[in-house]
Each structure stands twice: as structure tokens, then as C-alpha cells.
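Presented below is the structure to which this report refers.
Values in this text are rule-based calculations from the coordinates and carry no lab data. Note that the coordinates shown come from a computational prediction; the quantities given were computed from them, not determined experimentally. Positions of Cβ are generated from backbone atoms using ideal geometry, with glycine treated the same way; all protein chains shown enter the neighbour counts.
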Amino acid sequence: MSGAHWAADSFAQRLRTVVYDARSALPSLLDVLAELRQQLEKAPAVGVLFVRVNYPSEAVEHFSWDQIVGIYDGLALTARSLVGVTLRSVDLPADLGLAQEGFAVLLSRPREKGILHKADTQKVAERYAKVVQATFRDMLSPGLAQRISVQVGSGLICRPQPSQSLEDVLAAGLAEAHEEASRLHERYLSDMAHSIASTLASSNLAVNYQVIVDAGNGLAVGFSAHLAPSSESPLAAEEVLIDAARCSGASAAVYRAFHARAIEGAKEDLREDEWLVLPVCVNDVMGNAVLDVAALFDEGQVRGIGPSNLVFMADGVELFAGFPASPAAFKAVAEIGFRLGVSVLVDSLPPLDHLRALGLSVVQLGGRLVESLPSDPDAFELAALLARFCRRHGIRLLGTDCRTAVQFEALRRVGVDLVQGAHVGAPTQSPSRRSVRIG
């Protein structure tokens with residue numbers, strides 16, 4: 001079976017599993033088939049687009065259920081609103097039940113000529129991609145819009161042969177458009193990797209430090225390192241750069257440069273009893289990142305502080321997704337002398353016995369959980385349970401992303417040991433205890 005036939009067959013199987021949601025703002029697969037039948041009575045072929053939209057994998061940490069649903073609803077409404085503007089009035093964005101990947105657009109037959117060519121649909125796809133991306137920029141916050149990529153692939157749906165059904169030719173055309181969107185996405189990732197390499201090679205990769213304070217007395221106990229945003233290099237914002245690095249396979253290079261610059265900038269100012277918290281990607285760079293940092297100490301490049309001053313902070317979901325290899329490698333880091341931390345989502349905690357066995361110094365919670373603590377009793381109770389667990393096992397609980405006095409008081413009532421965020425202290429170019437805003 002050829003690749004094209006296999007792709008069409010695979011795509012068709014996925015379409016047969018669709019349960020159409022009548023609340024969708026877009027027409028259903030049945031509506032698409034009815035429109036396609038009418039179009040193919042007038043022309044030997046019509047075009048089809050597949051609009052692929054890729055979101056950051058960490059969206060659940062930063063956005064509520066309603067916000068995430070709103071993004072998808074906004075995507076559907078955007079597609080609908082473009083009909084008759086960027087596309088002709090009879091063109092039909094379609095809900096194929098593939099909302100997690102994108103949506104399809106069935107193009108009307110050409111008006112000016114009887115035969116449609118692939119080059120014609122490609123031009124429409126290029127124009128449509130620009131319009132969708134511009135719409136996202138208008139609809140979403142800059143941080144989120146920058147982390148969403150849009151690729152539009154195109155294909156042709158030809159009039160069925162006697163041995164083919166209308167569904168067969170639709171699936172084949174969609175598969176062609178889907179494959180092209182996937183190729184464009186691979187090219188996007190490749191371009192992103194080159195941009196990351198340029199960012200790392202430039203002087204634009206700067207590190208900021210944000211103070212971490214004791215929740216009880218307000219005194220500084222350490223600092224968390226973050227990549228600083230740069231107007232010269234939009235990718236330099238930490239979440240954007242690390243998201244891009246994970247997608248494009250450049251995580252190792254990003255973390256290697258990030259950690260080296262963070263340690264270089266902190267080693268003169270960090271006291272012997274203070275921590276420097278460094279994020280680390282578990283799946284593919286834990287070993288490299290730790291060995292690179294360990295080498296800095298072995299070679300005498302870092303003086304005044306030791307491995308015990310560094311806390312490698314891993315994402316809990318990512319850590320335990322690779323069980324048992326990832327937790328085993330993570331725990332081995334402690335044998336070198338570094339401290340360990342895990343960032344968790346309270347509503348999706350890893351097994352507590354596994355968490356307990358890692359020998360952690362810090363458990364971190366933040367994002368929308370901290371935002372909801374003052375008003376959501378369920379979130380408060382879950383966070384309080386985690387605080388009791390940490391206290392019982394000698395683990396310090398760090399609440400991050402604290403932006404207001406109300407959130408700070410909620411974190412203290414929950415029982416966190418440490419707090420970080422804009423309310424506590426602004427980011428600075430070097431570790432600064434003068435940045436503390438409380439106490």
C-alpha cells in the first residue's frame with residue numbers, strides 16, 4: 001500500500017470515530033459531504049485546506065478549563081467569520097471532530113476556470129495562514145499568541161471514480177492537506193531550532209533572578225533563575241524559548257547555556273546558605289544538564305558556593321511520565337550533591353510514595369492554583385494537604401507566581417514555607433536581597 005493511500009485510509013478511520021458536537025460553530029462532516037457533492041457536480045475537482053494549530057503543552061498549568069475551551073471556541077468562530085472575507089462566501093470551514101489539531105476548509109470550485117490545480121490551493125493556504133495568525137494576535141494575549149503556531153496545508157478532492165465513494169475522495173484530499181500541514185510544521189520546528197541557536201550564540205540570552213523568601217519572617221532564602229525577555233530576541237522570554245526548544249529538540253543546548261549563565265551571574269552574590277533554583281527538562285537533558293553543571297565545579301570555575309546551593313526543579317508530570325527511568329536519573333542527581341525540586345499540579349499529584357522516595361528538598365506549586373487560592377476552597381484544601389505532606393517528610397513547599405497581598409496571605413494560611421513572585425520581589429539582573437518587598 002502506498003504512503004498516500006495509507007495516509008488517506010488512516011485519516012478516514014479517524015473520521016469514522018468522530019462524534020459530532022452539535023454545539024460547534026462549524027458545519028459537521030455530513031454538511032461538508034453534502035456541499036462537496038454539489039461542488040463536484042459543477043467541477044472535476046475542488047480544493048481543501050487543513051488548518052493545523054499547535055498550542056503549548058503546558059497550557060493546563062496556566063489557563064483554566066473555561067479559558068482553554070474559549071481558545072477552541074474562538075478558533076471556530078474565527079474560521080466562521082473569515083468566510084466571505086478571506087474565503088469566498090460558499091467556502092465551508094468544517095468541524096471534523098479534530099479540534100485538538102485544527103479544522104478543515106472545503107474550497108468552492110474556481111469561478112474563473114474549470115480546472116483547479118494544486119498551485120491554486122497552495123496560494124489560498126498561504127494567504128489563509130497569515131489571516132488566521134493575525135486573528136490570533138488580535139484575539140489572544142501576546143504571550144499566548146506568540147506560543148501558538150499555525151500551518152495550513154492544501155489538497156485536491158477529485159470527482160469520484162466508479163470504484164470510489166464521496167467519503168473516499170474527501171478522506172484522500174484531507175490526508176493530502178494534513179500531510180502538507182505536518183511538513184510545514186516540521187519546517188517551522190527546524191526554523192525555530194535555528195532561531196534558538198542564534199539566540200544562544202548572541203548576547204541576548206540574559207538571566208534574571210527573583211528572590212525567594214521565608215513565608216514566616218520575609219527573609220531571603222534564595223533565588224530562582226529565569227531567562228530574561230529581550231526586545232532584540234523575542235524568543236528569549238523563558239517560557240517561549242523553552243517551549244520552542246522542547247518542540248524542536250533543542251532543549252539540551254538551551255538548558256546548558258541557561259544554567260551556565262545563571263550560575264556565572266549568581267556565584268559572587270549567593271551566600272553559602274542560600275539556594276539557586278534552576279529549571280531542568282527531565283526527559284532528554286537531565287543527565288547532560290547535571291553533568292555540565294557538575295563539571296563547572298570540578299574544573300574550579302565556581303567558587304564560594306557548592307552543588308548543595310543548586311536546586312534542580314523538574315516538572316512533576318514530565319518526571320513521572322518517564323517512570324521508572326526519569327525518577328531514577330533524577331534521584332541520582334542528589335548523589336552528586338545537588339538538591340532536588342519538583343513542580344506539581346495539585347489536582348494531578350504524582351503517587352505520593354514515589355514523590356516521597358525522591359528525597360526532595362523542595363516541592364513547588366504555582367500558576368493558576370495560587371491565583372485561585374483566596375477564592376476557591378477546593379484548591380485551598382488540596383494545597384493545605386500538600387503542605388502537611390511536605391512538612392511530615394521534611395520537604396519545603398514553595399509557592400510561586402504570588403502577585404498580590406491576598407494571594408500571599410492565602411499561601412501563608414495554606415502552610416507554605418517559601419514564597420516567590422511579583423508581590424515578594426521583582427526580577428533583578430543579579431541576586432538582590434534589596435528587592436524584597438515584604439517584611
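Between ARG403 and VAL83, 0.36 nm times their residue separation minus their Cα-Cα distance comes to what?
Values: separation 320, 0.36 × 320 = 115.20 nm, distance 4.16 nm.
Residue separation times 0.36 nm, minus the Cα-Cα distance, leaves 111.0 nm.
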Could you check the simple spin-label distance between ASN217 and SER202, using points 7 Å along Cα→Cβ, in nm with one decimal?
4.4 nm
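Using packing as a proxy for protection, rank 207-215, 423-431 so that the peptide with the highest average count of other Cβ atoms within 10 Å comes first.
Working: 207-215: 23.1, 423-431: 18.0.
The packing order, highest mean first, is 207-215, 423-431.
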What FRET efficiency comes out for the pair ALA426/LEU33, r = Cβ-Cβ distance, R0 = 56 Å, nearest 0.05?
0.45
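For region 296-439, what does the alpha-carbon gyration tensor say about shape, rounded, prolate or oblate, given a ≥ b ≥ c as the root eigenvalues, a/c under 1.5 as rounded, and a/b over b/c as prolate?
Numbers: a/c = 2.25, a/b = 1.17, b/c = 1.93.
Because a/c hits 1.5 or more and a/b fails to exceed b/c, region 296-439 counts as oblate.
Tell me whether region 171-228 comes out rounded, prolate or oblate; compute the Cα gyration tensor, take square roots of the eigenvalues as a ≥ b ≥ c, and use a/c under 1.5 as the rounded threshold. Write down the numbers at each step before the final one.
On the way: a/c = 9.77, a/b = 2.38, b/c = 4.10.
Because a/c hits 1.5 or more and a/b fails to exceed b/c, region 171-228 counts as oblate.
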Give the residues of region 407-434 whose amide nitrogen is closer than 15 Å to a point set 7 Å from the Cα of LEU296 in the direction of its Cβ.
430-431
Kindly state, to the nearest 0.05, the FRET efficiency for ARG159 paired with ALA321, given R0 = 41 Å and r defined as their beta-carbon distance.
0.30
Once both label points are put 7 Å beyond Cα along the C-beta direction, the GLU186-ARG137 separation in nm becomes 2.9 nm
